[in-house]
Amino acid sequence: MNLGKSILTLLFVSLLFVSCKEKNTDSVANTTSETTTAKVKKQIAAANLQNASFTIEGMTCAIGCAKTIQEELSGLEGVQTATVDFDKKLAMVSFDKTIQTPESLTKVVQATGDGKTYTVSNMK
């Protein structure tokens, strides 16, 4: 009797596990396609394109710090490209000067940490 109940319970739990897993895969696929669609960027007019390079102090790793800062800068409206080089402690950003300013880029970098972790200098 106990063996029958155990087998029935195991079968029921396995069925729930498999059916839930399939639903999660579909929702993840839908979320990914929605996110990709939202990241379409507007073309920046050549007259409005400005480049900035600056040093970022306080980064401790390439995967965490540098990548996170690069993603934050790239996600800003009006930013065409953003690259952060951990080894050189250098960030290079191409942006629309009618939407962003070097000061706003500095604020975003500093806000990525706790406001004290990353320091921006040598803005060019």
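Quick look at the values:
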{"item": "Of residues in segment 54-67 being assigned to a helix (DSSP H, G or I) and small (G, A, S), the one nearest to K124 (Cα to Cα)", "result": "A66"}
{"item": "Identity of the residue in segment 73-88, among the acidic types (D, E) and assigned to a loop (DSSP other than H, G, I, E, B), that ends up nearest to T55 (Cα to Cα)", "result": "D87"}
{"item": "Selection from segment 105-121 of residues that are open to solvent by 30 Å² or more (accessible area, probe 1.4 Å) and either touching a Leu at 6+ places or on another chain (Cβ under 9 Å) or aliphatic (A, V, I, L, M) (or both)", "result": "V108, A111, T112"}
{"item": "Members of segment 89-124 that are farther than 18 Å from G78 by Cβ and either assigned to a loop (DSSP other than H, G, I, E, B) or at pLDDT 95 or above (or both)", "result": "K89, L90, G113, D114, G115, K116, T117, Y118, N122, K124"}
{"item": "Test set (1) of a type in the set (A, V, I, L, M, F, W, C); (2) surrounded by 14 or more Cβ atoms within 10 Å (Cβ to Cβ); (3) free of Cβ contacts under 8 Å to residues at least 60 places away in the same chain - I56 fails condition number", "result": "(3)"}
{"item": "Which numbered condition Q70 misses (of (1) modelled with pLDDT of 95 or more; (2) open to solvent by less than 50 Å² (accessible area, probe 1.4 Å); (3) in a helix (DSSP H, G or I))", "result": "(2)"}
{"item": "Single condition V93 does not satisfy, out of (1) touching a Phe, Trp or Tyr at 6+ places or on another chain (Cβ under 6 Å); (2) open to solvent by less than 30 Å² (accessible area, probe 1.4 Å); (3) not aromatic (F, W, Y)", "result": "(1)"}
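The values are calculated or read from the model by the stated rules, or taken from the named source; none is laboratory data. Because the structure is predicted, anything quoted here is derived from the model rather than measured. Here the Cβ is made from the backbone with ideal geometry for all residues, glycine too, and neighbour counts use every protein chain on show. Note: areas computed on protein heavy atoms with side chains; ligands, DNA, RNA excluded. Shrake-Rupley method; radii C 1.70, N 1.55, O 1.52, S 1.80 Å.
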